[in-house]
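Novice: Below is a structure I'd like to ask you about.
Where a number appears in this text, it was derived from the coordinates with a stated rule and is not lab data. This one's a predicted model, so the numbers in the text were calculated from it and none came from an experiment. So basically every Cβ, Gly included, is an ideal-geometry build from the backbone, and we count neighbours across all protein chains shown.
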Amino acid sequence: MILNDLHIHSTHSLDGSNSIFEICEQAIALGMTHIAVTDHVEWLPDGAHQRPNFDRYFEEMRTCQRRYAARGLTLLTGLELGNPHEHRAEIDAILSNYAFDVVIGSIHWLNGRNIHYPHVFDGHDQYDLYALYFDAIAQVAASVDCGIVAHFDRIFWPGSTRFGPPELNRIEAAVRRAMHAVVEHGCVLELNTRFLTHTPNWNNSLLQVLRWYREEGGRFVAVNSDAHRVTEIGRNRHIGEELVIAAGCAPYAWDVCTEAVTISAMEEMVR
Ligand SMILES: [Zn+2]
Ligand SMILES: [Zn+2]
């Protein structure tokens, strides 16, 4: 098991429940070696904008990095950009002012609607909407070069809830284009473990997408909890890792994948 969780929210996100200190304590209790605290940078359809106070965030992170390094935890800085393809200039400004270890790009909105709810499909054929979603994923990959592309799986939750599991062959071209874009831009795909045990079960859909990712040249998948409270850190991790391995990919590990000397060991895992 790879003891990384590179997508965790703290109280620097409006919807985060725990401090960075509490997150580190929990990660150590779980035996994790690498975690990233990736708070929301979000542009809402009504024009509102949410982001952490980065100066305070970095101050707290630096304190925790020093304190917890001695206990074997590597604490990585990060952020989760909502719909980054629609806010390139603002994001460039943030990333030129602050250096983050982990940059996550996520789709949270499609056609001005929250993608977590079945009404995102209102007025659309379900397969047209899925294809639009994966087109947006490809654009996210282009806008977070070498980052983590998250939430490919998220749309299957409201979709499966409303229509049942999708026939993926009907959107194969759009999904493959998105997976190809992830690889082409040097990004890592995320498998978000948040909904893996929810019903209706759509894990087979996720497995198919991961297989296409592999066929398009993808190797590593970041298995992340997207925890908004400490009890969620590392959740459903074993289910996520099994899906990744069943697809012929390997779970992404920060230390192995970012150190050239050991990357061949990682490649070996994938073969
Ligand atoms: Zn998200
Ligand atoms: Zn998140």
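Novice: Check which residues have an amide H placed less than 5 Å from V221's amide H, if you skip close sequence neighbours.
Specialist: Residues meeting the criterion, in which the H sits 1.01 Å from N, are A250, Y252.
Novice: Then there's this: Order by neighbour count: I245, I107, fewest other Cβ atoms within 10 Å first, most last. Mind dumping the intermediate values first?
Specialist: On the way: I245 15, I107 23.
Least to most surrounded, the residues fall as I245, I107.
Novice: Can you classify region 131-243 as rounded, prolate or oblate using the Cα gyration tensor, where a ≥ b ≥ c are the square roots of its eigenvalues, rounded means a/c under 1.5, and otherwise it's prolate if a/b beats b/c and oblate if not? Walk me through the numbers before you get to the answer.
Specialist: Details: a/c = 1.69, a/b = 1.15, b/c = 1.47.
Since a/c reaches 1.5 but b/c is at least a/b, the shape of region 131-243 is classed as oblate.
Novice: Under 11 Å from the 7 Å Cα→Cβ point of Q50, by amide nitrogen: which residues of region 109-153?
Specialist: Under 11 Å, as judged by backbone N against the label point of Q50, lies no residue of region 109-153.
Novice: Take F156, F54 and order them by how many other Cβ atoms sit within 10 Å, fewest up front. Please report the intermediate quantities before stating the final value.
Specialist: On the way: F156 22, F54 18.
With the sparsest Cβ surroundings first, the list reads F54, F156.
Novice: Whole percent per 10 Å bin, from 0 to the bin with the longest distance: what is P(r) over all C-alpha pairs of region 32-133?
Specialist: Histogramming region 32-133 at 10 Å steps yields 13, 37, 27, 17, 6, 0 percent.
Novice: Show log10 I(q)/I(0) for region 1-69 at q = 0.16, 0.17, 0.26, 0.27 Å⁻¹, two decimals, from a solvent-free Debye sum over equal Cα scatterers.
Specialist: Those come out to -0.57, -0.63, -1.21, -1.28, one per q.
Novice: With a 10 Å Cβ neighbour count serving as the proxy for reagent exposure, in which order, fewest first, do M32, M179 appear? Don't skip to the end; give the middle numbers.
Specialist: Numbers: M32 20, M179 27.
If I rank by nearby Cβ atoms, fewest first, I get M32, M179.
Novice: As a check on your grasp of the helix formula, calculate [θ] at 222 nm for the chain: sum -39500 (n - 2.57) over DSSP H runs of n ≥ 4, divide by the residue count, round to the nearest 500. List each step's numbers first, then the result.
Specialist: Values: 10 runs with 110 residues, N = 271.
Rounded to the nearest 500, it is -12500 deg cm²/dmol.
Novice: Roughly speaking, what is the stretch gain from A69 to N204, that is 0.36 nm per residue apart minus the C-alpha to C-alpha distance, in nm to one decimal?
Specialist: Numbers: separation 135, 0.36 × 135 = 48.60 nm, distance 3.85 nm.
Extra length available between A69 and N204 comes to 44.8 nm.
Novice: So how do 128-136, 64-72 stack up, highest first, on mean other-Cβ count within 10 Å? The partial results should precede the final answer.
Specialist: Working: 128-136: 19.7, 64-72: 13.1.
Packing proxy ranking, top to bottom: 128-136, 64-72.
Novice: Let me ask you something else. If you build the convex hull over the alpha carbons only and average its shadow over all orientations, what do you get for the chain? Give it in nm² to one decimal. The partial results should precede the final answer.
Specialist: Numbers: hull surface 53.8 nm².
Mean orientational projected area (the chain, Cα hull): 13.5 nm².
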